Amino acid sequence: MEKIVVGITGASGTVLAVRLLENLRDAEIHLVISDSARKVMSLESDYKIEYIKSLADYVYNDSDIAARISSGSFIFSTFVIIPCSSSTLAKISAGISDTLITRVATVALKERRKFIIVPREMPFSTIMLENMLKLSRDNVIVSPAIPGYYNRPSTMDDMVNFVVARVLDLAGIENSLSPRWKDA
């Protein structure tokens with residue numbers, strides 16, 4: 001069974017992480033939620049932390065840098081940070097591994113595992129753009145939470161589904177969350 005690690009950091013966009021977790025099927029899910037993410041979740045959503053944890057097979061504390069997912073010997077297929085805060089982005093770009101999320105990022109980079117980050121800040125500062133470029137050059141897939149409009153979204157769910165569908169596509173997971181492009 002495919003193993004996927006999901007990190008949730010303190011950027012706005014809890015709904016993106018929850019929708020992703022709700023749609024990861026037929027995979028073993030390992031989840032890490034940062035302290036900042038917990039604070040943002042309580043401010044921007046009605047999601048209960050216990051519900052979010054229930055969507056994963058394993059849940060780790062972000063301060064537990066000795067957790068099994070922090071080792072290169074733990075084989076996982078994909079690491080997704082959704083949403084990815086500018087602080088987490090900067091730490092990963094600089095090679096700082098002071099939390100479990102940033103340690104797993106270091107492992108994903110050194111082991112050349114599929115690694116997707118979903119930045120959710122805007123506008124992007126020059127520093128953020130440089131950090132994204134640096135990570136992109138290291139084969140990290142940078143997928144900002146920017147919805148498409150060709151599917152004529154009419155609700156917030158439509159826009160969330162578009163972003164999460166793209167992340168699932170990038171992870172190689174089949175889904176039908178959002179309509180596909182059709183020729184005119």
Name the single residue that is nearest to R120 (Cα to Cα) among those in region 75-101 being open to solvent by 20 Å² or more (accessible area, probe 1.4 Å) and hydrophobic (A, V, I, L, M, F, W, C). A90
So, in region 44-66, exactly how many residues are in a loop (DSSP other than H, G, I, E, B) and within 27 Å of E121 (Cβ to Cβ)? 10
Selection within region 159-175 - modelled with pLDDT of 95 or more and of a type in the set (D, E, K, R): R166, D169
Look through S93, S77, S36, S86 and report the one residue that is in contact (Cβ under 8 Å) with a residue 40 or more places away in the chain, farther than 24 Å from D169 by Cβ and in contact with a strand residue (DSSP E or B) (Cβ under 9 Å, 6 or more places away or on another chain). S86
Any idea how many residues of region 138-182 are closer than 12 Å to I116 by Cβ and assigned to a helix (DSSP H, G or I)? 7
So, first residue surrounded by 10 or more Cβ atoms within 10 Å (Cβ to Cβ) in region 149-174, second residue in a helix (DSSP H, G or I) and among the aromatic types (F, W, Y), Cβ within less than 6 Å, six or more apart or across chains; the pairs are none
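The values are calculated or read from the model by the stated rules, or taken from the named source; none is laboratory data. Everything numeric here is computed off the predicted structure, so don't read it as measured data. Glycine gets a Cβ as well: all are built from the backbone with ideal geometry, and neighbour counts include every protein chain shown. Ligands, DNA and RNA are stripped out before the accessible areas are found, and what is left, the full protein with its side chains, is counted by its heavy atoms. Shrake-Rupley method; radii C 1.70, N 1.55, O 1.52, S 1.80 Å.
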